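The values are calculated or read from the model by the stated rules, or taken from the named source; none is laboratory data. The shown structure was predicted, so the numbers you read here are calculated from the model rather than taken from an experiment. Reconstructed Cβ throughout: ideal geometry from the backbone, glycine too, with neighbour counts over all protein chains shown. Note: areas computed on protein heavy atoms with side chains; ligands, DNA, RNA excluded. Shrake-Rupley method; radii C 1.70, N 1.55, O 1.52, S 1.80 Å.
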Amino acid sequence: MALPPGLDETAVPTGIEIVGRTSDELTVFRPGWATGSVGEKDVGVENSDLQGPEYWKGPILANRGRVNLIRRVGEMRFQDKVVVVTGGNSGIGRGIALYFAKEGARLALVGRDDTKGSEVELEIASAGGRATFFQCDLASEAAAAELVGKVAQWGRVDVIVNNAGVGSRRSGIEAHESPGERWSKLRGPNLDSTYFVSSYALPVMRDCGGGSIVNISSTAKLHGNWGLYGVAKAGVEALTRSLAIEGAPFGIRANCVSPGWIATELDEKEPASSMNPSGEWEVPPGVFNRMGTPSEIAAAVAFLASEEASFITGQTLVVDGGLSILDYTSLSLLKTRGPALFSGTLADPPTDQEPK
């Protein structure tokens, strides 16, 4: 069979990013090359060397009679895609915004603090990225609708990262406030904002052929001592599953990342925990004896937003350094008795004995 016009089977592909599972209508000319009629619904194509409207070329991987296309390591997964990051002006949100900017995204940063937002906007621009900051309070339905409308004027919305929220240190709750006032102050920024932004983004994503929503919850949903904050974050995870079902017929996925203790600028001012004189945490924030970083959360968010997670929806990925698998009450006991519970293969043998 003749090669399509312009397709040189000896050439090395450059700038290829074709990710996803294609249809069966493909012809493999030699290992690593294929051609066929591929609709946009079947496979995501970015920065490809197109050989006319019906042909593509790129690295492939055979899988049970079908063909999977794989993205080369180091390529930008979000080149020219429009990514909205709420709460993108500080903390975890800033880390997420910087991560997506490095992957080529055009960013819409959203937050209430105009000064911080402008600083992150400039930071991204100085590194060669593209970002625009929008100042608004997303607990307001009208504000959320207006935001999505403005971003939609860019021509598309590919990814929504609902990171905006407040916890116990920034809730602004006063002792005299009623149960309803307290619930509103925690529900609005954490749950309502996620619902409003996602709801108004869904039809825009549908009209663009699909998209991805990644919500940020918290391991606080596991612990009753976080009160209404944990309740609101549990609601975010339930909402994620609902959005996944609602968006599935239109190629829209929804997933969630649940962080544990993450080191941000807020912890520099008011540490969540501290180390004793020996350098150990009074209460370790995970099995690695350290807090996580915003970039580690960002990496998980980017994965779920990318085509590499094309068959994942409605799920919550816990990124907490093992925090949620620790039994803190038994830590002192397990320091002395715990090793007997495991395989023992990682323990250093006594110096005067050979390993058994």
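Residue check, Arg241 against (1) within 17 Å of the chain's Cα centre (by Cα); (2) modelled with pLDDT under 95, all met but one. Which one?
The number of the failed condition is (2).
Just to verify a result, which residue in the stretch 320-330, among those that are assigned to a helix (DSSP H, G or I) and without any contact (Cβ under 8 Å) to a residue 24 or more places away in the chain, is most open to solvent (accessible area, probe 1.4 Å)?
By that ranking, first place goes to Thr329.
Matching residues to (1) over 19 Å from the mean Cα position of the chain (by Cα); (2) not aromatic (Phe, Trp, Tyr):
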residue: Thr115; (1), (2): yes, yes
residue: Ser118; (1), (2): yes, yes
residue: Ile124; (1), (2): no, yes
residue: Phe133; (1), (2): yes, no
residue: Val151; (1), (2): yes, yes
residue: Val157; (1), (2): no, yes
residue: Asn163; (1), (2): no, yes
residue: His176; (1), (2): yes, yes
residue: Pro189; (1), (2): no, yes
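So is Arg77 at pLDDT 95 or above, under 22 Å from the mean Cα position of the chain (by Cα), of a type in the set (Lys, Arg) and in a loop (DSSP other than H, G, I, E, B) or not?
Criteria not met by Arg77.
I need every pair where a residue in the stretch 116-132 that is closer than 14 Å to Val85 by Cα has its Cβ under 6 Å from the Cβ of a residue that is among the charged types (D, E, K, R) and surrounded by 20 or more Cβ atoms within 10 Å (Cβ to Cβ), sequence separation at least 6 or different chains.
These pairs meet every condition: Val120/Arg94; Arg130/Arg106; Ala131/Glu121.
So in the stretch 224-263, with the set limited to residues that are without any contact (Cβ under 8 Å) to a residue 60 or more places away in the chain and of a type in the set (Val, Ile, Thr), which one is most open to solvent (accessible area, probe 1.4 Å)?
Val231
Return yes when Ser193 is polar (S, T, N, Q), at pLDDT 95 or above, open to solvent by less than 30 Å² (accessible area, probe 1.4 Å) and over 16 Å from the mean Cα position of the chain (by Cα) and no when it is not.
Taking the combined requirement at face value, the residue satisfies it.
Which of (1) modelled with pLDDT under 95; (2) over 22 Å from Gly91 (Cα atoms); (3) crowded, with 20+ Cβ neighbours inside 10 Å is the odd one out, the single condition Ser178 does not satisfy?
(3)
Looking at the stretch 198-223, which of its residues are among the polar types (S, T, N, Q) and open to solvent by 20 Å² or more (accessible area, probe 1.4 Å)?
If the condition is that a residue be among the polar types (S, T, N, Q) and open to solvent by 20 Å² or more (accessible area, probe 1.4 Å), then Ser199 is the only one that fits.
For the structure I just gave you, tell me whether Ala234 is modelled with pLDDT under 90, among the hydrophobic types (A, V, I, L, M, F, W, C) and farther than 27 Å from Gly149 by Cβ.
The answer is no for Ala234.
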